[in-house]
1. So if I take the centroid of the Cα atoms in segment B:1-60 and the same for segment A:270-347, what is the distance between those two points in Å?
2. Using the alpha carbons of chain B, what is the convex hull volume per residue in cubic angstrom, as a whole number?
3. Counting Lys +1, Arg +1, Asp -1, Glu -1, what net charge surrounds A:Val332 among other residues with beta carbon under 13 Å of its beta carbon?
4. Please state, as a whole number in µm²/s, the translational diffusion coefficient that the Stokes-Einstein equation yields for the protein assembly as shown at 4 °C and 1.567 mPa s, with Rh defined as the Kirkwood radius across alpha carbon pairs.
5. So what is the relative contact order of chain B, in percent, for Cα pairs below 8 Å that sit 6 or more residues apart?
6. Hey, which lysines would be in cross-link range of A:Lys137, C-alpha to C-alpha under 21 Å, not counting anything within fewer than 8 residues on its own chain?
7. Please rank A:Phe316, A:Phe265, B:Phe553, B:Phe404, fewest neighbouring Cβ atoms within 10 Å first, as an exposure proxy.
8. Going Cα to Cα from B:Lys303, which lysines come in below 16 Å? Please leave out same-chain ones fewer than 8 positions away.
Amino acid sequence: MITSAIIPRPLAKLPWRLIFLVTGIAMFGLVVLYSAAGGSMHPWAIKQAMVFFAFLGLAIAMSWMSESTIKAIAFPLYGITLIMLLGVEALGFVSKGAQRWLDLGPIKLQPSEFMKPAIVLTLARFYELVPAAEIRKWRAIWPALLLLGIPALLILVQPDLGTCIVVMLCGVTVMFLAGLPWWFFAAPAAAFAVAAPIAYGFMHGYQKKRIDTFINPDSDPLGAGYHIAQSKIAIGSGGVWGKGFLHGSQSHLDYLPEGHTDFVFATMAEEWGLVGGVLLILAFAAVIRWGMQVSQNARTRFAQLAAAGLSATVFFYVAINLMMVMGLAPVVGVPLPLVSYGGSAVMTVMLCLGLLMALERQQRTVSRVI
Amino acid sequence: MKHMRITTAHQSITFSRRMMLLSGAQAAIGGLLIGRMGWLAIAQNEKYQLLSESNRVQLIPVPPRRGWIIDRNGKPIAINKASFRVDLIPQQLVNGPQIIARLQQLMNLPPDEVERITRELSQSRGFQPVSVADNVPYEQYAAITVRMPELPGVAASQGFTRFYPAGSAVGQLVGYVGPASAAEYEKENKNPLLLIPGVKIGKEGLEKSLEPVLRGEPGGQRVEVTARGKLVKELDPKPDRSGGTVQLTIDADLHEYAARRIGDQSAAVVVMDVTNGDILAMPSMPSFNPNDFSDGISQNEWKMLSQNDHLPLVDKALESLYPSGSTIKPSMALALLNAGVDRAQKVNCTGAFQLGNHTFHCDKRHGPLDMDGAVVHSCDVYFYTMCLRVGAEKLSPMVRSMGFGEKFDLPFETQRYGTIPDPDWMMRKYHRKWQGYDTVNMSIGQGMVLINPLQLAVMASRLATGKRVIPRLLKSRPVTPQTQLAVDQDHLDFIRKAMWGVVDHGTAAAAKLPLNGIQMAGKTGTAQTHNLSASERGDYTSATWKLRDHSLFMAFVPFDNPRYACATIVEHGGFGAAVAAPLVRDTVTFLYDKPKAIAALQAFEQSIGGTLAEREARKEAAWRQANGLPPLPPKQA
C-alpha cells in the first residue's frame, strides 16, 4: 500500500505490491514472447499486452466488489458456466468434432476457463452453508462431489485433460481446507492407483501417447517425446545465465515446439538461464503467498476458502506447467499464466486475482471499521 | 478416537492446520521445481548444450579430395580428374517435376534414373543435394549452366573422379573405387560422408586397404538450420583435409611395360629390387579397367569380366596358386648340397624313372648328368633320384626358407600363400604317411607344391643374394633388414652359375638378354595341369587352352652382381622356355635399355593386333555382338 498525499485515496488503497508483481511477470512474459517471435512485437507480444492490460483493468475494477456480491454470484456463475459447458458439448456433438469454445462473434469463449474460479467460489459458498457439526457427514460430501464431478467430466470429454486436472485440483483443495475427513482424500488416492490403468484405456490416442512418453521419454524421441526432450534441451543448455536475449537457438530455430504457448518457460530459460527461471518462480511464489495470506487474514469462512482456492488455482497452473516443461509431469497442455501467449489463461488468472483483491480490500475495510 | 462434536472453533483450527500443510506442500513443490531446474541447467548443462548445438548446427559435408597413389619416382598411378556433376538442391527447387522433365530432356536421362531422382528428392532433407548425374560430359554441363536462371534448384558443379592413367595395366594392383554400399555405410556407423553424391570409397586392392590414408578428413559448410531444415545462415566452414599421398615401390613405367608385354596371355609378372625387396612391378593381366569402375560399371561390363576365362577379376600375382614346376630345382639343389650330396656325382637319365609300379617321366633322355647339368637342362630324373636319397625332411625347410609357402605382409586383403608339403603336413592335412612318390613329385615342384608368382620372385631374389629378402610395396614402410640364409656361399655360387647356364646354354637359351655385358641367370618351369601325352604337350594347337601347362620363369640380373629379380607365371602358356622366359627377358631389358625394350614391345603388340586399349575395345565389341547387345557409343575423351 502506498501512502502519499499526492496519490488519491482510491488509488493508494490498491494492493500495489500484487499489481507490481503481476505486471512484472507479464512484462517479462512480453519480453519472452517478443524474442519467441524472432525479435518482433508481432504477432504475439502486442496482442498479449493488450489482453493483459485489459484484464488487469478488469481485475482492478473487480476489487471493488463486496464479499456479499461475490457470494451472491457464486451459484449463478457456476450454473451459467455449467450450461455453457453443456452447450459446447452439444455443439461438438452436432459438428462431430472436439469443441472447447463458444463462438460469440468477435470473441471465442472457453467456458472451462470460467469453471476454475466458479468451482472455487461455489464450493466455498457450499461449505460456508454447511454447519460445522455436519462437516464430517456424508451430506457435506456428496453435493460437493456432484458440483465438482459434473463439470470435470464435461471438460474431460471435450477433451481437455489439462483444464480438467486443474479444475479437479482446485475443487479438492477447497474441500480439503473445508475440513473434510482424511479418508476422503486418502481413499481416492488409493483408488487412483488402481483406476489409473483403467482410465488409461479410455483415453484418446494422443493423451495415451503423452503419458507413454512421460513414463519413457526416449521411446519416441522424434514423435510425442520430442516436446519434452527439446524443452529439457532448451532449459539445460541455458545454464545459469542463459544464452542471452534473442539468442535462444532452440526456440528461434523452431526446435522447441509451442515455444510461445505451453513451453514458453523453456524459451525463457534458454535465454535467461537459471537466474531468470528462479526469479520467475519466486515472483509466482510471491503472488501465491499474497493470495494465501488473504485467505489466512480472512474473517469469514467463505473468504477463507475462496481466497485459498483462488490462490491454489494460480499455483496449480504454474506448478503443472513447470513440471511439464521440466519433464516431471506428462504433457497435459496447461499454459504458464501471464507468460504463455493466449487470452484464456490470462483471463482466468486475472479473474482469480480480481476476486482475491476484492476479498483483500474487504479485509482492510472491515479491519478499519473495527 | 472418541466421537466428538465439531464446532466452529475446531473448524478454524483444522483450517489453519490444513493451510499450513497446503503452504508447505506448495513450498515443497516450488523447491522441487527450482532444484529440478538447477539440475538441468547446472549439472546437466554440458550435455544439453551439446544437444542444443547439434540441433542448431548442421554440417553440409564437403568430401575430401582422395589421396594420390604415386610410383617410386613420383609418377601418378591413381589421381583425381576434374569432372562435372549435376545435383538438385531440394530447398531451392520450385517446380520439381517440371525441372526434372527439363533435365531429362537436356541430359538424356534414362527413365529409371528419373525415377531414382524423384524418389531421393522426396526423401531428402532440405539442404542435402540429390545427385542427378555424375561425370557429365562437358557439353551437357555447359547446356545446364547456360540455362541456370530457368532451372532454379539445379546445381551444376565441378567434382573429381578417380583416374588411373595406366588403365587396366594397374587394375589388379590398385583395385577400384565406387559408391559405398548399404553394408559399408552400416559398418562405418552410418558415416554421413558416405551418403554424399559422388563420394567413392576403395572397393578392392590398394584403394581398399589404403582407404584410411587415402580418404582424408571431410570438411564442411557449417550452417544454422531450423527444425524444418531451412537454412538460416552460414557459419565459418570447417576445412577439409585431403587424403594422404601413398608412394609405392612400383615403377609405373616398368609395371605398365610388363603388363603390356603379357599380351593376350593370362599371366602375372613380379619384378623386385633384390637389394631392398622393393616390388618394382606386379601386373596381373588381363585386368579390368579401374577407370570404368570409377565411372560406375554397367551390368554388361561386369558380366563380360566375370565370364572371361582369363580371369580379369583375379590378382594372379597374389591370389592364384600354381605348381612351381622346375623353378623349384635350384632350391632343391641347394638342399641336396646342404644334405651332403656330391655335386659331381652323375645320375643317368633314361627318360623314365621307376618307383614301385609307377613310372615317372623326364621330358627327354638326358643321359648321365651331374648337378650342374641337371639344373641347366632341367632333368627330372636326377632330382627324383637324389631327392629320394636325401628325404623330404631335409628338402622342405630349404625350399621354404627360399620363400615358397611364406606369408608376406602386403597391403592386400586377399592373398593366398600356397603349400610346401612335408611328412608332418601330410599327416595333419590328409592323415596319411608321406610316400616316396610324394618326394618325387615335390622334387620337380608338382604334387602338393603350390606357389604364387610373388613367392617365385622372392625365391629368385633370395637365390641371388643368399639373404632373406622381404618384399615391400609401400615406400613408407621401412626396409626389412635382410638376414643371411643358412646356405653355404660356395653352394650359392654354384647354383647361380648353374642358373646362368640355364639362360646361357640351357632350357632358356632363347631368353638371353640383348644387352652387352649384362647377363641373366634364371630357371624355367613347366607346371602340369593335366596329364597330356608328350606329343600333345609339344603341340600347342591340339590341346585346348585350358588343358595346357603353365609356363614359369624366374631370373635375376646381372648374374654376377644381382640387382633385380623377375618372375612370371603364364597360365596355360606351355613350355616355360617358350613363353615365360621371353616375357622376363623383355621386361628385364626395359630396366637397362628402354628404347630397345619398347621396340621389342611394339613389334610384339603389332603381331598380336595392336595396343592394350585397342585390343580391349575390340574384345568388348566382339563380346557385345556375341551377346546380342548394341555397340557402345565412342568413349568421351
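Any read-out appearing in this document is the output of simple, stated calculations on the displayed coordinates, not a laboratory observation. Just so you know, these numbers come straight off a predicted model, no measurement behind them. Heads up, the Cβs are rebuilt from the backbone with ideal geometry, glycines too, and the neighbour counts pull from every protein chain shown.
1. That distance is 11 Å.
2. Details: hull volume 185.2 nm³, N = 637.
Once divided by residue count, the hull of chain B is 291 Å³.
3. Values: positive: A:Lys208, A:Lys209, A:Arg210; negative: A:Asp160, A:Glu258, A:Asp262.
Local net charge: 0.
4. Values: Rh = 36.7 Å.
My calculation gives 35 µm²/s for D.
5. Over chain B, the number comes to 13 percent.
6. In chain and number order, the partners are B:Lys2.
7. Details: A:Phe316 23, A:Phe265 29, B:Phe553 36, B:Phe404 26.
Lowest count first: A:Phe316, B:Phe404, A:Phe265, B:Phe553.
8. The qualifying lysines are B:Lys619.
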